[in-house]
1. Using only atoms on other chains, find how many Cβ atoms lie within 10 Å of each Cβ of peptide B:133-142 and report the average.
2. Taking only the alpha-carbon positions of segment A:248-378 and ignoring solvent, what does the Debye formula give for the base-10 log of I(q)/I(0) at q = 0.17 Å⁻¹?
3. Note down the Stokes-Einstein diffusion coefficient of segment B:241-295 in µm²/s, whole number, using a Kirkwood radius over alpha carbon pairs, 37 °C, and 0.692 mPa s.
4. Output the 0 to 90 degree angle, nearest 10, between the alpha-carbon long axis of helix B:13-30 and the longest principal axis computed from the alpha carbons of chain B.
5. Bins of 10 Å, beginning at zero and ending with the bin holding the largest distance: percent of Cα pairs per bin for segment B:1-91, please.
6. According to the Kirkwood expression over distinct Cα-Cα pairs, how big is the hydrodynamic radius of segment B:136-290, in Å?
7. Need one number: the % of Cα-Cα pairs in segment A:247-296 sitting beyond the 19 Å mark.
8. Can you compute the FRET efficiency between residue A:270 and residue A:35 using 1/(1 + (r/R0)^6), with r the Cβ-Cβ distance and R0 = 60 Å? Round to the nearest 0.05.
């Protein structure tokens, strides 16, 4: 029956080749390459491909409800499947803000209905992201959406008392606060990384200290109250040093880096093209190298995309008027291959840890980021490490086009994605997991 | 020369001298009874101004008209822009009208760069001041003025010492002047309180100081920058009076300057703040002359970017009645 897939000859986590039999939503058999019976099964020839656990993105903006012109849960989920993801955490800065059980359940159910990936809504820390009063974190945790990650992403929880209370409160349901570290006063109207280049370009500087000061404060708060803390999108060498110090002290902190901060530098801002405008801003070459090293040595735990779709008119304008953010889901694997794998900093097992196992652990997504082993949920991604690809903005699944990589060649491609044993990406086609498979 | 003038860095030494020499030639032609030349007849120059700027807009308008170009003035206030039209749509409209050059003043740094490089328009783009980035024609008119007083009106500014004082952080005039004056061989010193200097200023081709008195006795020119009123309440300095005492050019400080040294200001001035009235009105002040030179320099820029007829004898005989 066509519900069974035999993945023939894939290198599991980049190691030895094996056949994987997916049946009834789980990995039913693992055999020597070429040994699995293909009877009644659909065979996926995977010689030379790397099998990874389905990728998990802890930081995605799906824009629904409110900005369906930029992205919907459906279109963002399609983009995720195309990028090799089987789960995404949808940030709370929608309109209305995901600060109640009602909104997170709406997003959760839209994700279910779309059927491409597991959509885990992130709950806002404060009401309306205003940084003044705690949102009903417990209600969101107890809702059908089972929220475990809370973030005001896009805004920083800058009030130290409020941050302390949030860190404490979420312990009751094993939650985590994911902080967008940006001291607001130091970054009023900030446009780009503050340094020699911002002075030359006449763009208001966004100093590294505005990020680092908040991270330093937060790790000390987390230590003081014995909570876990997750730091969103680290972008500076100094942030790396603070997180490294905190971990050496045994503080329960995890950190993420985006693909774009692993690859792109502030030099691109010379074009004044807002496709390169992002929060936190692109930094220097030195920062990029520090972030890569930190991701390799485990100081930074995960890669998270900060996929941030924007409609054309919000980018096709003057720099200062443009929205901040760039697409990420459909290019993340290629960027990580280029910056971490091809450079020898990480092997594919290391990629699996940073893009699937660890993000699932941090987000408490218990059936995602599982080992590729018999009886485990069949969430899988097949990557061809040798198939390079030129990024074409018009070919993306996302509803938006604001990719900074258009025209760039990326060294690896996602070939197939399986969600609980059913393909969401196969033979170049993206499809939901809950229909067609039984036809 | 490039097709656009977006930054003073677009000009190498030869380009800069070509603009200055052309400006000098145009100035001598238009000093005669007939002020108008036919060189840009049939060409359209649009002044696209998103910020209020009487002096720069009028200067560009006069420059284009003296070259016989058709001039369209488009200011953001009371136009489609105030109804929310984007820069892109405005640009497409101007393109449809056949603009050969667009002179743009914009509050966002980089807006002229976007206009020139986004494929929205085909014509030349002249930056008439963008945000806190650059104002290249201001630096050209300043260099023109300095050359006239300090170098006999010919050649470059090799070895001349220029002290630029004030809000460097937010000044597009300072950025363009540092770049152009370095290209022309002048030695520039920026003087400002540390709060009004950008991070990374040590990488600029100039010296930097916090003390004004030390940089007056060797100066050939002292250029005072305007201090915007909104800076006064943002902790860049404690008070207007303290700023004025430490960084204002008053009669005592002017007396420290060499006899031949000139005083400059891009305008509009805050008399009593960065510059004392008696200094602004003194015989060393070339501030009013700067304005007049602005027209000649902008004529040269438009002429060179739009590739008008050769200067020289044909032009002399072709002047309009």
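No lab work stands behind these numbers, since they all come straight from the coordinates. Since we're looking at a predicted model, the values are computed, not measured. Neighbour counts run over all protein chains shown; Cβ positions are idealised from the backbone, glycine included.
1. Numbers: counts 6, 3, 0, 0, 0, 0, 0, 0, 0, 0.
The mean count of partner-chain Cβ atoms within 10 Å per residue comes to 1.
2. Those come out to -0.95, one per q.
3. Working: Rh = 11.6 Å.
Using the Kirkwood radius from Cα pairs, D works out to 282 µm²/s.
4. With both axes taken from Cα atoms, the answer is about 70 degrees.
5. 14, 34, 37, 13, 2
6. Working: mean 1/r = 0.0654 Å⁻¹.
With all distinct Cα pairs of segment B:136-290 included, I get 15.3 Å.
7. On the way: 424 of 1225 pairs.
Across segment A:247-296, Cα pairs with separations above 19 Å total 35 percent.
8. Details: r = 56 Å, r/R0 = 0.93.
About 0.60, to the nearest 0.05.
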